[in-house]
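Bear in mind that the values in this text are calculations on the coordinates, not laboratory data. Quick caveat, the model's predicted, so the values are computed rather than measured. We place every Cβ from the backbone using ideal geometry, glycine too, and count neighbours over all the protein chains shown.
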């Protein structure tokens, strides 16, 4: 197994201004590693059993494998779970974010406020519509966008705020809604981590104007690849359903049902963002056991919280009083600056896989060259990145495995 090594690589591009390719993650062999006798403990593993296999097999046997009745069933079940009026299934969370921006009529030269401490898909979707991502620094404890810094980033071009509920902990939705109302902005949740996260008794996905969920392989609910848009706005829902499939007014399932397979209209601009019945069949199974897997993640997170709380120089994540107000998609600890590299290497040698979430977007070459962001622009995000490690957390993680992880952490930090 190759450990992850973090290096600082500074280059001169020949111009008067130094361009910094900062803290690029490289995966390189660091010499021969003597593995521990521990069994391999993966960072993440999808929770799939015979239920999903049988459901997918039934779809394959039906010979209808693209967008059809299973997608509609999944949408209805997902909307009912969240208590939201509309759920529109798509091919990824990135596409869910993109379509949300399109239907909100955000386009060229507009600005969308978001966090630099996220996966690139958040800002990519903003770029797809020709708008500019305006980054606002994060809170050092929650790693969520710092609400107190948002208003100073608002300009006449600002059209929306796109918060990320980092690791599954909700942002302050009351404050975000107030800001959006006061400035006539659209609130679009990047809820990739936030199923099933509650906020004051309501699920994320039933609060913002539009919300985008991810069903990627490592998410709490997975369809392999896929996503969902939720909204209570009828005026958003109708065009979203047509835009996700080339703008066609009736999908193939509807045309087949009416025995008029070839006749359709192009009602609006469109994209190839539809979900398949194969994915939806898997999603329905995942949704039925979502509460159970959430309870398991929550129990494992509580073990980490209890056992790691007294270790020196380890900051454990913020845990809300209401245990439902966190999906525990990720369990992230923060170490003292300069210790992360050695810590990751030591866990690798102990046969334990971990990860780092995330490299702040403004540190990437593309965002520096495209938008003029520089190292030092968002110090809280940069400080967090130097310290964070994501530990193994998934429903299949056993108590024996989590205590192996905790014991190895104690050995590493003790040495």
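I want to verify a result. In a Gaussian network model of the chain, Cα cutoff 10 Å, which of these has the top mean-square fluctuation: 37, 219, 85?
Result: 37 has the largest fluctuation of those listed.
In the chain, what % of DSSP beta bridges are antiparallel (nearest 5)?
Rounded to the nearest five, the antiparallel share is 65 percent.
Take the Cα pairs of the chain, get the Kirkwood Rh, then feed it into Stokes-Einstein at 10 °C and 1.306 mPa s and tell me D in µm²/s.
My calculation gives 70 µm²/s for D.
If contacts are Cα pairs under 8 angstrom and at least 6 residues apart, what is the relative contact order of the chain in percent?
22
On a 0 to 90° scale, report how tilted helix 399-414 is relative to the longest principal axis of the chain, with both axes built from alpha carbons and the result rounded to the nearest 10.
40
How large is Rg/Rh for the stretch 113-156, to two decimals, with Cα atoms and a Kirkwood Rh?
Rg/Rh for the stretch 113-156 comes to 0.99.
Give me the number: length gained by fully extending residue 69 to residue 48, i.e. 0.36 nm times residue separation minus the C-alpha to C-alpha distance, one decimal in nm.
Difference between extended and current length: 5.4 nm.
What does DSSP give for the stretch 50-288 in terms of the percent of beta bridges that are antiparallel, rounded to the nearest 5?
50
For the stretch 50-288, compute Rg over Rh where Rg is the Cα radius of gyration and Rh is the Kirkwood radius from the inverse mean 1/r over Cα pairs.
0.98
Taking the 0 to 90 degree range and rounding to the nearest ten, how far is the long axis of helix 173-183 tilted relative to the main principal axis of the chain, both from C-alpha atoms?
For 173-183 against the chain, the angle is about 60 degrees.
Across bins of 10 angstrom width beginning at 0, how are the C-alpha pair distances of the stretch 78-152 distributed, in whole percent?
Per 10 Å bin, starting at zero, the Cα-Cα P(r) for the stretch 78-152 comes out as 18, 38, 35, 8 percent.
Could you list 275, 288 in order of exposure, starting from the residue whose Cβ has the fewest other Cβ atoms within 10 Å?
288, 275
Kirkwood Rh over Cα pairs of the stretch 108-232 into Stokes-Einstein at 37 °C, 0.692 mPa s: D in µm²/s?
226
Would you give the gap between the C-alpha center of the stretch 350-386 and the C-alpha center of the stretch 128-198, rounded to a whole Å?
The distance from the Cα centre of the stretch 350-386 to that of the stretch 128-198 comes to 18 Å.
Using 0.36 nm per residue of separation minus the Cα-Cα distance, give me the extension gain between residue 292 and residue 60 in nm, one decimal.
80.8 nm
Simple spin-label model, 7 Å along Cα-to-Cβ: residue 341 to residue 377 in nm?
Here the answer is 2.6 nm between the modelled labels.
So what is the relative contact order for the stretch 50-288, in percent, with contacts set as C-alpha pairs under 8 Å and at least six apart?
With pairs under 8 Å counted, the relative contact order is 27 percent.
Between residue 76 and residue 225, what is 0.36 nm times their sequence separation minus the Cα-Cα distance? Round to one decimal in nm.
Full-extension gain reported as 51.7 nm.
Write down Rg/Rh for the stretch 316-415, rounded to two decimals, with Rg from the C-alpha atoms and Rh from the Kirkwood relation over Cα pairs.
1.03
For the residue pair residue 399 and residue 302, what label-to-label distance in nm results when each label sits 7 Å from Cα along the Cα-to-beta-carbon direction?
Spacing of the two 7 Å Cα→Cβ label points: 1.2 nm.
Report, to the nearest 10°, how far helix 69-82 tilts away from the longest principal axis of the Cα atoms in the chain, using its own Cα long axis and a range of 0 to 90°.
That helix lies at roughly 60 degrees to the long axis.
Mind giving me the FRET efficiency for residue 235 and residue 132? R0 is 30 Å, r the Cβ-Cβ distance, nearest 0.05 is fine.
0.75
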